[in-house]
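**Q** Before anything else, here's the structure in question.
Each reported figure results from applying straightforward, stated rules to the coordinates on display, with no laboratory input. Just so we're clear, the structure is a prediction, and the values are computed from it rather than from any experiment. Virtual Cβ from ideal backbone geometry, glycine too; neighbours counted across all protein chains shown.
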Amino acid sequence: MSNRGDPFEWSGGHPALDLVNTLDERPFDAPIENLATYRDLVRFAELAGLMERSLARALLDRTGPACAGVGRRARKLREQLYNVLAAVRAAEPIPQMDLKAIGAAIRAAHAARILVATPSTTLAGHRWEPRSEVDAPLHACALAIERLLSETDRGRIRKCGAHDCEVYFIDTSKGRRRRWCSMRNCGNREKQRRWRSSAE
């Protein structure tokens with residue numbers, strides 16, 4: 001997924017985890033915000049496969065207070081999911097306010113869809129579409145979070161083993177032994193750090 005020529009981290013193995021990972025270098029004093037604008041959010045939703053390309057193309061140049069508000073809500077939703085994941089990882093109680101906020105976002109996403117017909121003679125020719133185009137990327141992210149929380153084995157959701165990396169991913173390895181978001185980056189860096197420590 002790294003050949004897309006975009007700023008997003010695609011190690012998550014699930015769009016909802018890729019959403020969490022859009023705040024890069026999270027443990028540091030000045031993390032890098034990759035969802036700084038509404039355009040960034042639309043681009044993420046498209047590249048993550050959460051929105052059709054035609055809708056994303058129509059939204060990329062939208063601006064104004066409504067778009068800025070959607071961007072803020074998406075970043076807040078991302079952090080609420082991060083808080084839930086961090087609590088599960090630390091074996092701490094899940095923050096109920098965050099869980100309730102996520103539930104509200106999911107309900108809003110479902111309520112914002114309408115069933116429309118497509119050129120087909122079968123019932124399969126119907127699909128859900130968003131009522132409000134501007135809210136579409138936010139709702140798409142909320143529905144991805146719903147799928148993560150309801151369909152994914154929580155035991156397979158991991159955080160990168162590097163002490164300075166907060167990237168979350170789904171461990172699909174056979175023995176559930178994946179430790180790093182990327183062997184080329186964090187994995188090699190941690191191995192080199194340990195080798196230097198043992199050589200001292």
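**Q** Condition check: of a type in the set (Lys, Arg) and free of Cβ contacts under 8 Å to residues at least 24 places away in the same chain. Does Arg39 satisfy that? Please lay out each step first, then the result.
**A** Numbers: of a type in the set (Lys, Arg): yes; free of Cβ contacts under 8 Å to residues at least 24 places away in the same chain: yes.
When the stated conditions are applied, Arg39 passes them.
**Q** Follow-up. Looking only at the range 52-106, which residues are under 19 Å from the mean Cα position of the chain (by Cα) and of a type in the set (Val, Ile, Thr)?
**A** Result: Val70, Val84, Val88, Ile94, Ile102, Ile106.
One line per residue, one yes/no per condition, for (1) closer than 29 Å to Glu166 by Cβ; (2) not β-branched (Val, Ile, Thr):
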{"position": "Gly69", "(1), (2)": "yes, yes"}
{"position": "Arg75", "(1), (2)": "yes, yes"}
{"position": "Glu79", "(1), (2)": "yes, yes"}
{"position": "Asp98", "(1), (2)": "yes, yes"}
{"position": "Ile102", "(1), (2)": "yes, no"}
{"position": "His110", "(1), (2)": "no, yes"}
{"position": "Arg113", "(1), (2)": "no, yes"}
{"position": "Asp135", "(1), (2)": "yes, yes"}
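**Q** Mind listing whichever residues of the range 129-164 are assigned to a helix (DSSP H, G or I), touching a Ser or Thr at 6+ places or on another chain (Cβ under 9 Å) and surrounded by 22 or more Cβ atoms within 10 Å (Cβ to Cβ)?
**A** Residues of the range 129-164 assigned to a helix (DSSP H, G or I): 136-151, 154-156.
Checking the rest, the ones that are also touching a Ser or Thr at 6+ places or on another chain (Cβ under 9 Å) come to 139, 156.
Of everything in the range 129-164, just one residue is assigned to a helix (DSSP H, G or I), touching a Ser or Thr at 6+ places or on another chain (Cβ under 9 Å) and surrounded by 22 or more Cβ atoms within 10 Å (Cβ to Cβ), namely His139.
**Q** List every residue pair whose Cβ atoms sit under 7 Å apart, with the two residues 6 or more apart in sequence or on different chains, where the first one lies in the range 13-27 and is over 11 Å from Thr152 (Cβ atoms) and the second, anywhere, is aromatic (Phe, Trp, Tyr) and assigned to a loop (DSSP other than H, G, I, E, B).
**A** If the second residue must be aromatic (Phe, Trp, Tyr) and assigned to a loop (DSSP other than H, G, I, E, B), the pairs left are Asp18/Phe8; Asp18/Trp10; Thr22/Phe8.
**Q** Could I ask something else about it? Exactly one of these conditions fails for Leu60: (1) under 26 Å from Ile157 (Cβ atoms); (2) among the hydrophobic types (A, V, I, L, M, F, W, C); (3) surrounded by fewer than 20 Cβ atoms within 10 Å (Cβ to Cβ). Give me its number.
**A** (1)
**Q** Here is a follow-up. Counting only residues that are part of a loop (DSSP other than H, G, I, E, B), within 14 Å of Glu79 (Cβ to Cβ) and not aliphatic (A, V, I, L, M), how many does the range 11-40 have?
**A** Within the range 11-40, residues that are part of a loop (DSSP other than H, G, I, E, B), within 14 Å of Glu79 (Cβ to Cβ) and not aliphatic (A, V, I, L, M) number 5.
**Q** Could you tell me which residue of the range 44-57 is nearest to Leu148 (Cα to Cα), considering only residues that are in contact with a Cys (Cβ under 9 Å, 6 or more places away or on another chain) and assigned to a helix (DSSP H, G or I)?
**A** Of everything passing the filter in the range 44-57, Ala45 is nearest to Leu148 (Cα to Cα).
Yes/no per residue for (1) assigned to a loop (DSSP other than H, G, I, E, B); (2) under 18 Å from Ala36 (Cβ atoms); (3) of a type in the set (Phe, Trp, Tyr):
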position: Val70; (1), (2), (3): no, yes, no
position: Arg75; (1), (2), (3): no, yes, no
position: Leu81; (1), (2), (3): no, no, no
position: Ala86; (1), (2), (3): no, no, no
position: Leu99; (1), (2), (3): no, no, no
position: Ala104; (1), (2), (3): no, no, no
position: Arg107; (1), (2), (3): no, no, no
position: Leu115; (1), (2), (3): no, no, no
position: Pro119; (1), (2), (3): yes, no, no
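**Q** Of all residues being surrounded by fewer than 12 Cβ atoms within 10 Å (Cβ to Cβ) and of a type outside the set (A, V, I, L, M, F, W, C) in the range 91-118, which is farthest from Glu79 (Cα to Cα)? Just the residue, please.
**A** Thr118
**Q** Next up: Which residues, taken from the range 58-68, are part of a loop (DSSP other than H, G, I, E, B) and among the small types (Gly, Ala, Ser)?
**A** Here is the first cut: in the range 58-68, the ones part of a loop (DSSP other than H, G, I, E, B) are 60-64.
Gly64, the sole residue that qualifies.
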